[in-house]
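Read the figures in this text as sums done on the coordinates, not as results from a lab. Worth saying up front: this structure is predicted, and the values here are computed from it rather than measured. Please note: Cβ atoms are built from the backbone with ideal geometry, for glycine as well, and neighbour counts cover all protein chains shown.
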Amino acid sequence: MRGEIIPRLRPRGRWRAFVACLAMWGMLHQQGCRYLRPANYWESEYLPQSVASTLDDEFLYAQEEVLAPSSVLMAQEPICPASYEETTFREMTLQDVIFEALSHAQVIRQNGDFLSPGNPLLRSPESVASIYDQAIQESGVLFGQRGVHAALSEFDTQFTTRMLWGNSSQIQNNQFTSGGVPAGLPLVEDTTQFQAVLQKSLESGGQIGLSHNINYSSSNAPGRLFPSVYDGNVRVEFRQPLLAGAGEEYTAIAGPISENIQGVTGVQQGLLIARINNDQSLLDFELAVAEFIREVENHYWQLYVAYESYELRQLSLLQAQQIFDLVKDRKGSPGGDLSYYVEAQEGVLQAEAAVEEAWDGIFTAEIALRNIMSVMVDANVLIRPLDRPVVAEIDPNWDLSLGIAMSSRPELRKQKLAIKSAQLQLKAAENLNRPRLDFLLSGQSNAFGDDLMGARHTDGTNRPLGSAYHRLFNGTENGWNIGAEYSQPLGMRFAQTQVKNQELKLTKAIRTLEAQEMDVLHQLTQAFNDLDRQYKAMRKQAAIVENAQQRLVAAEEEYNSNRDGRAYLSLDGINRARQMLTDAETDFLRRQVEYSLGTTQVEYRTGQLLQLRGVMFGRAPQPGAGSPTLHSPMDAFIPLSLSPLPAATPLGEVPLETETLPPESPTAPMTTP
């Protein structure tokens, strides 16, 4: 029979197998084509190009459009007032400007950003410092950028559970291997599996786990005690590294030792490295804020120069008009030449052009200041500096300033943290340069019963096997294991290479710190030299102003000596004297501002600018919150806020020797005869 049946079934079986394979190949081919087809596959033969583009746009821009703030959209066109007298001014001290700038400084602007073609705020905004950078770092989860909470998450207890149901029906060929089912009949089985596991990593580098398993099986095999039965266990496991990956120090640096591929996790995933990364991010923000305040002060004093230059140009215009009126009155008198009249009129026109240029300079400087302050432009109300530059001689102590710079500069503090991080990572790498030897311990209590939680006794046996949980909690069927596991790559090439790599990184970090300290030394030296040079230049310019005033007085006296009208002297001398005085006073203003900025430069180079300006870092208060108390781990991810305090004494603890400049000689209007 068997020889007759098989030849008749084989052709039919081959055709069925061929058809099944062909159908499966077609399904896989269809799915594969769909998977490999690009996202805009409908652009080919399915849809026209215009429709496909519309679908692409709808897909890309399905989210709600982000609109600009209403204050920006409703900004009015800036119209310059016609005159100085028609303008309303808002007088602000330097401390007021710093306070308002910091109040709006969610994104830190820099001087080179404004009107620059390569403005990073517009071209690469992700690289611009902001108050959110620290919170972004603290909440980081990526490799090498993990925050503290992400590092602590390695010690979170992992809970896993699953429930599986199954059924199987299989023809048996052998009665002895099927549990008593006659050959040719199916062995029918119903199964259910339940598993719940709790697993936690320990600070010592070890792992502990608690698992509970319950299995249900029902079968038609006649050789079983119960047709359906429950079995399972409660199991406790413990693993502790003894060599590589052992110890709280390694775990704090690199995190719990992983079973992943070599080089994937590295040795910089621990809590200590995450804290160092957070501190470095804060120092980056501190450096950006210090640079920001320096730029704010620079714009403030540039606006001061613009206002003072305008007033000087106004005074020069007044003098030119006085000369013109004098020449105009003498026109037609003996010796009254028309060329002198034209020359005087030309002086007035040049002075008026200088006044208009200075007026435009005020708007340019004021817009630049408002931009870095993140304040809307208001052409009807202009900011006007109330403070005056420092003119007293400042002589900071070199030794004390150098010591403060070496301990306070954010760049050096950040590099020292980098050295500490490299040292810790080298320790962790040396820890891994050992074989892996783990201590293993496990114990379990087993369960078995006709029912899961039924009566203790059941039919078919005189033993209390009715309840699986009764046998589990009774604790009579137990098991345990104890031992060790050893593993080692022959040659330890990867571990030794990692140690060498960390040694090179540490050496580079140390040499970089030495180069940075040398650079800070040179910067501070240059700042001291510039401060001394700027003070001497300011004193020299004050003498030039005094000499220009005397020259103008002499020119006026010589010109006014011709009251009898016998002859005119040339107006060239008095115009030149007036122009030289205006230029000298303008240069003196710039020298004053340069000297004041020079003191700021010394404070910046010593790393004390934020401290002396009373700027502190803190957490921004939550809306409706009365205190900054953290109630949950996610409360830590709050943007930083910048709070200016009352200004400290310039240069802090640096002893100063001051010398007051002689009072400036005011430039009086020209006296008319």
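Multiplying the sequence separation of Thr177 and Gln145 by 0.36 nm and subtracting their Cα-Cα distance, what value in nm do you get? Walk me through the numbers on the way to the answer.
Values: separation 32, 0.36 × 32 = 11.52 nm, distance 5.78 nm.
Between Thr177 and Gln145, full extension yields 5.7 nm more.
In nanometres, what is the gap between the two model label sites at Leu349 and Ile208, each 7 Å from Cα along Cα-to-Cβ?
Taking the two extended label points, one gets 9.5 nm.
Determine, from the Cβ-Cβ distance of Val553 and Asn380 and an R0 of 56 Å, the FRET efficiency 1/(1 + (r/R0)^6), rounded to the nearest 0.05. Provide the component values of the computation, followed by the final result.
Working: r = 40 Å, r/R0 = 0.72.
Here the calculated transfer efficiency is 0.90.
Give me the lysines in straight-line cross-link reach of Lys420: C-alpha distance below 25 Å, same-chain residues under 8 apart excluded.
Lys500, Lys505, Lys508
Using each residue's phi in the range 434-448, evaluate 6.51 cos²θ - 1.76 cosθ + 1.60 at θ = phi - 60° and report the 3J(HN,Hα) Karplus result to the nearest Hz, with x for Gly and Pro.
Here the 3J(HN,Hα) series is 9, x, 8, 10, 10, 8, 10, 8, 8, x, 8, 10, 8, 10, 7 Hz.
Given a Förster radius of 30 Å and the C-beta distance between Asn119 and Phe617 as r, what FRET efficiency does 1/(1 + (r/R0)^6) yield to the nearest 0.05?
My answer for the efficiency is 0.70.
Taking the Cα centre of the range 433-513 as origin, work out the dipole magnitude from +1 charges on Lys and Arg Cβ and -1 charges on Asp and Glu Cβ, in debye rounded to 20.
The dipole of the range 433-513 has a size of about 920 debye.
Run the quick spin-label model on Leu400 and Leu185: label points 7 Å from Cα toward the beta carbon, then report their separation in nm to one decimal.
For the pair Leu400/Leu185, the computed spacing is 10.3 nm.
Please state the Cα pair-distance histogram of the range 224-315 with 5 angstrom bins from zero: what percent is in each bin?
For the range 224-315, the binned pair fractions read 3, 9, 9, 9, 8, 7, 7, 6, 6, 6, 6, 5, 4, 4, 3, 2, 2, 1, 1, 1, 1, 0, 0, 0 percent.
What ranking of Thr599, Thr251, Thr93 emerges when the number of other C-beta atoms within 10 Å of each C-beta is taken as an exposure proxy, fewest first?
So the ranking, lowest neighbour count to highest, is Thr93, Thr599, Thr251.
So for Leu122, Leu287, fewest C-beta neighbours within 10 Å to most, what's the order? Kindly include the intermediate steps, with their values, before the conclusion.
On the way: Leu122 11, Leu287 19.
Going from least to most buried by this count: Leu122, Leu287.
With N set to the number of residues, divide the alpha-carbon radius of gyration of the range 344-472 by 2.2 N^0.38 Å and report two decimals.
Details: Rg = 41.8 Å, N = 129, 2.2 N^0.38 = 13.9 Å.
The reported ratio for this selection is 3.00.
Roughly how many nanometres apart are two label points built 7 Å out from the Cα toward the Cβ at Leu198 and Ser408?
5.3 nm
Average projected area of the Cα convex hull of the range 464-620, in nm²?
Averaging across all directions leaves 26.1 nm² for the Cα convex hull.
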